[in-house]
1. Here is a list: 178, 223, 217. Which entry is open to solvent by 60 Å² or more (accessible area, probe 1.4 Å), modelled with pLDDT of 95 or more and not small (Gly, Ala, Ser)?
2. Could you pull out the residue among 319, 279 that is farther than 22 Å from residue 387 by Cβ, at pLDDT 95 or above and of a type in the set (A, V, I, L, M, F, W, C)?
3. List the number of the failed condition for residue 177; all other conditions in (1) of a type in the set (Ser, Thr, Tyr); (2) under 27 Å from the mean Cα position of the chain (by Cα); (3) within 30 Å of residue 341 (Cα to Cα) hold.
4. Could you say which residue among 144, 189 is among the aliphatic types (A, V, I, L, M) and surrounded by fewer than 15 Cβ atoms within 10 Å (Cβ to Cβ)?
5. If I go through the stretch 226-262 residue by residue, how many of them are open to solvent by less than 40 Å² (accessible area, probe 1.4 Å) and small (Gly, Ala, Ser)?
6. Scan the stretch 264-290 residue by residue and report those that are among the polar types (S, T, N, Q), in a helix (DSSP H, G or I) and surrounded by fewer than 19 Cβ atoms within 10 Å (Cβ to Cβ).
7. Suppose we filter the stretch 107-138 for residues that are within 14 Å of residue 30 (Cα to Cα), of a type in the set (Ser, Thr, Tyr) and touching a residue at least 24 places away in the same chain (Cβ under 8 Å); how many remain?
8. Residue 86: over 23 Å from the mean Cα position of the chain (by Cα), in a loop (DSSP other than H, G, I, E, B) and free of Cβ contacts under 8 Å to residues at least 24 places away in the same chain, yes or no?
Amino acid sequence: MGLSTYQPLFLVKETISKYKRSKTPCYVASLDAEKAFDSLWRKGLFFKLVDKIDSNFWILLYEYYSQSDGLISLSENQQSNIFRINKGVKQGGVLSPFLFNIYIDDLIVEINQSDYGCYLSNCKTTILGYCDDLILMASSLAHMQILLDKCQKFSEKWNIKFNANKSVVINAGFKMYKDEDIYLFINHMKLKVVIESKYLGLIINKNNDGNEPTLLKYNLVEKCFFSLNGFGIKPPGVNPNIKAFIYNMYCLPKCTYGMGIFNLDKKTIKSINVSQNNLFRYALNIPYKSHISLIMKSLKVLDATTLYYSQICILIKLLHRHDYTKNILMECLNESTVNKIDIFEDIKFISDLLTIDMRTVIEYPDKTRDLLIDNYLNKPDEKELIDKIKNLIDNYTIENKNELIKLIRLNHSVNNNSQLIT
């Protein structure tokens, strides 16, 4: 199984949390390798590949790249002469990320073997690389500057240019220095100190807080949903089951990427829930104050709580793919561990909710996710009513819409203990 962007994102987030809890400085530098794939030094790459891949494959790859040609389209009917391309790896090529990883592997090894940087449990998190996205972490400015100097020497030797104008530093841990008093350099240029930076598609900020970025991402879900008005989202439109399918498969993923990385608070989860329910009140033309939780269940749209913790299970599954992150997860089971990682609280919540032990949550994330979803969708005391709602939705018309509203109102008045999501 391959690796995922979730692993470095998890390590960055949990490392910052650890240093915040221990009231220790933590400086995070995001380095921009300028046109890394386009300008990679091919002779240097093939020198590094000599003892990394089979000799026959090395020859095949060398011949393939030696015959790279290109041309420029100058206008509709005019093109440049064909010219030879002597540097870089293929943009979008399946092998390109792996080739680049091999190219910078010596830098990662050198920095990890140094005495500087940050740790999470017994794992060193000083440098995290995912293709050309590099993160450095250190607990002192002096150590961070040493790491930056190592990167600069590597870049000079292997023809990689780190762009100081696009590389930034976040003062993420205990604040020993004000942002304006932080001076760090690469290529003899001062790095800009920022409050947040995007890494692998997620916002990393000085507060290590993912609540606001997650709410902003859910705004994209809403915009996406409303943009499909012309395709049947606007009532009466297409059948509600189709609307729910479009929402789950096309709109919602704009928010769920990385949702499990940051610990979302109850306020954020409730806000997403309210927004989601209002989207479906609109799509089904149901009065704003109508209780809609059973309708959402009949449509198989998860509430925000179940959605969030199912994303935690997906994160756990992906963390199993690397020994570093898997070992950190297993430490959650060690009662003697003083500083629990942030994900511990989420794992404990799932364990308590489903009345299963934490080891089961960690070792069987797929089964745990199925249990979470089943626990939400298939409550025995709601089955009869949900079946009635499903029947009305499958044959949805303006007439049975009113019958649907009466049904959920009647259920609410009879049973004051019904689950309400407002």
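The values are calculated or read from the model by the stated rules, or taken from the named source; none is laboratory data. Just so we're clear, the structure is a prediction, and the values are computed from it rather than from any experiment. Every residue, glycine as well, gets a Cβ built from its backbone with ideal geometry; the counts of neighbours run over all protein chains shown. Just the protein is used for accessible areas: all its heavy atoms, side chains included, with ligands, DNA and RNA removed. Shrake-Rupley method; radii C 1.70, N 1.55, O 1.52, S 1.80 Å.
1. 223
2. Testing whether each residue is farther than 22 Å from residue 387 by Cβ, at pLDDT 95 or above and of a type in the set (A, V, I, L, M, F, W, C) leaves just 279.
3. For residue 177, the exception is condition (2).
4. Values: 144 fails: surrounded by fewer than 15 Cβ atoms within 10 Å (Cβ to Cβ).
Result: 189 is the single residue among 144, 189 that is among the aliphatic types (A, V, I, L, M) and surrounded by fewer than 15 Cβ atoms within 10 Å (Cβ to Cβ).
5. 4
6. 271, 275, 278
7. Adding up the residues that qualify gives 2.
8. It is false that residue 86 is over 23 Å from the mean Cα position of the chain (by Cα), in a loop (DSSP other than H, G, I, E, B) and free of Cβ contacts under 8 Å to residues at least 24 places away in the same chain.
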